[in-house]
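Structure first, then comments.
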Amino acid sequence: MMDRTCPTCGKPVAGGLGKRRQGSYFPFCSERCRLVDLGAWLDCAYVIHSSMEAGQSEDAIGPAAEPGN
């Protein structure tokens, strides 16, 4: 069994994907850590970096490959 840790504070987390209990904050250890993470998303603290250059549009990259080609 894999030990899970809270992504916000690093404390061990009870439960797991197959063991959700009512009142569980999985994958977080507490409501506080869950709300801290939500606040970070709402403040745009998490960023998914793109491989496109600034100002480059999707049209400049070219058409997407068709499945099966």
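Only the coordinates and a few stated rules stand behind these numbers; no lab work does. Quick caveat, the model's predicted, so the values are computed rather than measured. Glycine also receives a Cβ, built like all others from the backbone with ideal geometry; neighbour counts cover every protein chain displayed.
Taken along the Cα-to-beta-carbon direction at a fixed 7 Å, the label points for S24 and C44 span 3.5 nm. The order of the peptides 28-37, 41-50 by mean Cβ neighbours within 10 Å, most packed first, is 28-37, 41-50.
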